[in-house]
Amino acid sequence: MGLKIGDRAPDFTLKSQDGASVRLYDLLAKKPVVLFFYPKDNTPGCTKEACAFRDRYSVFQEIGAEVVGISGDSVDSHQQFANAHRLPFTLVSDEGDRVRTAFGVPSTLWVLPGRVTYILNQQGIITQIFDSQLNFEGHIEEALKALYALKGQ
């Protein structure tokens with residue numbers, strides 16, 4: 001069973017596309033986090049989703065939130081993906097799907113890793129979840145709505 005709105009997100013430390021260790025709760029100490037799980041680097045849907053986050057990244061920054069993408073791809077794969085598409089946010093490598101499992105992100109058709117976005121407030125509480133394998137832009141719009149609600153706007 002996956003995590004629900006109101007649950008505390010599990011902390012984790014994973015490697016980013018530049019090889020640095022990224023700890024979720026260190027990020028949360030500074031600002032809310034949009035954590036989006038996606039299936040695979042350089043696939044059409046994942047590229048569309050990542051580029052949509054890229055295109056609205058300045059809005060996330062203005063709201064005071066950080067965006068972090070997470071998949072089971074390697075650090076090298078993330079680095080190539082981020083460079084190819086000029087992604088300004090952090091991608092972390094969850095090889096072995098330990099974090100995906102801890103969050104309870106479901107698979108689609110039992111094989112394709114799910115596409116789920118979590119909005120976490122600075123206390124690590126999940127305030128919004130958006131789960132859609134095919135509505136790529138919906139992840140961005142729902143995340144922004146949730147962040148504006150956190151800010152009381």
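The values are calculated or read from the model by the stated rules, or taken from the named source; none is laboratory data. Just so it is clear, the model here is predicted, and its values are computed rather than measured. Every residue, glycine as well, gets a Cβ built from its backbone with ideal geometry; the counts of neighbours run over all protein chains shown.
Kindly indicate whether ILE126 is within 20 Å of GLY2 (Cβ to Cβ), β-branched (Val, Ile, Thr), touching a Leu at 6+ places or on another chain (Cβ under 8 Å) and in contact (Cβ under 8 Å) with a residue 24 or more places away in the chain. Step through it out loud before you land on a result.
Working: within 20 Å of GLY2 (Cβ to Cβ): yes; β-branched (Val, Ile, Thr): yes; touching a Leu at 6+ places or on another chain (Cβ under 8 Å): yes; in contact (Cβ under 8 Å) with a residue 24 or more places away in the chain: yes.
Answer is yes for this residue.
Please go through the range 1-27 and give me each residue that is closer than 26 Å to ASN135 by Cβ and assigned to a helix (DSSP H, G or I), ordered by number.
Those that are closer than 26 Å to ASN135 by Cβ and assigned to a helix (DSSP H, G or I): LEU24, LEU27.
Is there a residue being small (Gly, Ala, Ser), under 20 Å from ALA20 (Cβ atoms) and modelled with pLDDT under 95 anywhere in the range 91-98?
Restricting attention to the range 91-98, the residues satisfying the condition of being small (Gly, Ala, Ser) are 93, 96.
Right, trim to under 20 Å from ALA20 (Cβ atoms) and you get 93, 96.
Next, only the ones that are modelled with pLDDT under 95 stay: 96.
Taking every residue of the range 91-98 in turn, at least one turns out to be small (Gly, Ala, Ser), under 20 Å from ALA20 (Cβ atoms) and modelled with pLDDT under 95.
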